[in-house]
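Peer 1: I'd like to ask some things about the structure below.
The values are calculated or read from the model by the stated rules, or taken from the named source; none is laboratory data. Because the structure is predicted, anything quoted here is derived from the model rather than measured. Neighbour counts run over all protein chains shown; Cβ positions are idealised from the backbone, glycine included. Accessible surface is based on the protein model in full, side chains and every heavy atom, while ligands, DNA and RNA are left aside. Shrake-Rupley method; radii C 1.70, N 1.55, O 1.52, S 1.80 Å.
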Amino acid sequence: MHQVLVIVHQDTSNPGRIGQVLRHQGKHLDVRCPAIGEALPQTLDAYDGVVVFGGPMSANDDQTLPFIRDELDWIETVALTSDRPYLGICLGAQLLARVLGARVAPHPQDVREIGYFPITITPDGQDDFGRSALHVFQWHGEGFEIPANSVRLASGGTFPNQAFRHGDRAYGLQFHPEITREMIDLWTTKAADQLHLPGAQPRHLQFQYHDCHSGAIALWLEEFLDNWLDADACSAAA
């Protein structure tokens, strides 16, 4: 069976729509959570790809959270040296950016992006995202610079860097295409205090915008993940 390594950062994390699409494509998900002591594999030979999801911690927490330091080292020495596609979501994108030498930092005015916001596709991003702007779900207070020798694929208003590609197989997305209505309900309940921060949308608008935009994201995501994995280019064992 083909499988995808899924790295999460809380024991309650859910791969959401990304997990649904990958399972529908016949992939088994091997879910690991380094934050609770679960080890990461020493090679990716048994995997078709790896998805690194978000979390409440910072990519800059490597001095206080040993698993962040270990994960940065693992991305550099295992994920990026393998012939396997990498997809970083929010924190996963910021970890990739740091490994590649780019800065990860809060917004200068300490503004957040929480809720649905539009992103603009760059000319370099049209093969991956199409030509039309997308409204995507965000939940973050930090953003990444585009690493050297990487290509910006999408931009935004508050945080200008929303997606990048490094080489042919490594992608970083600042936003959360995995989000489902159930996940919005959970996040806005468990982290309701975040909704009072500058830049956060109220809960009811997040649901309203999800109903408007989630269909377009679902259509894009299925095609994107299929192209990202590219079964003909993967040499992982079945």
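Peer 1: Return only the number of the condition from (1) open to solvent by less than 50 Å² (accessible area, probe 1.4 Å); (2) farther than 27 Å from D73 by Cα that P147 does not satisfy.
Peer 2: (2)
Peer 1: Identify, from the list R152, R131, R181, R169, the residue that is touching a residue at least 24 places away in the same chain (Cβ under 8 Å), open to solvent by 50 Å² or more (accessible area, probe 1.4 Å), more than 23 Å from Q20 (Cβ to Cβ) and of a type in the set (K, R).
Peer 2: R152
Peer 1: Still on this structure: Hey, can you tell me all the residues within segment 38-67 that are over 25 Å from W139 (Cα atoms) and touching a residue at least 12 places away in the same chain (Cβ under 8 Å)?
Peer 2: L40, P41, Q42, T43, L44, D45, A46, Y47, D48
Peer 1: Related question: If a residue has to be more than 15 Å from the chain's Cα centre (by Cα) and open to solvent by 10 Å² or more (accessible area, probe 1.4 Å) to count, how many in segment 67-98 make the cut?
Peer 2: 13
Peer 1: Another question, if that's okay. Among the residues of segment 184-213 satisfying the criterion of being among the small types (G, A, S) and either outside any loop (DSSP other than H, G, I, E, B) or touching a helix residue (DSSP H, G or I) at 6+ places or on another chain (Cβ under 9 Å) (or both), which is most open to solvent (accessible area, probe 1.4 Å)?
Peer 2: Checked segment 184-213; the qualifying residue most open to solvent (accessible area, probe 1.4 Å) is A192.
Peer 1: Another question, then. Could you list all residues from segment 34-56 that are more than 26 Å from F224 (Cβ to Cβ) and either open to solvent by less than 20 Å² (accessible area, probe 1.4 Å) or hydrophobic (A, V, I, L, M, F, W, C) (or both)?
Peer 2: Scanning segment 34-56 gives A35, I36, A39.
Peer 1: Moving on to the next point. What is the number of the single condition among (1) part of a helix (DSSP H, G or I); (2) open to solvent by less than 20 Å² (accessible area, probe 1.4 Å) that V4 does not meet?
Peer 2: Just one mismatch for V4, condition (1).
Peer 1: For a quick check of your reading of the model, give me the residue pairs whose first member lies in segment 9-21 and is farther than 19 Å from D61 by Cβ, whose second is among the acidic types (D, E) and not in a loop (DSSP other than H, G, I, E, B), with beta-carbon atoms closer than 6 Å and at least 6 apart or on different chains.
Peer 2: Short answer, once both residue conditions are applied: V21/E222.
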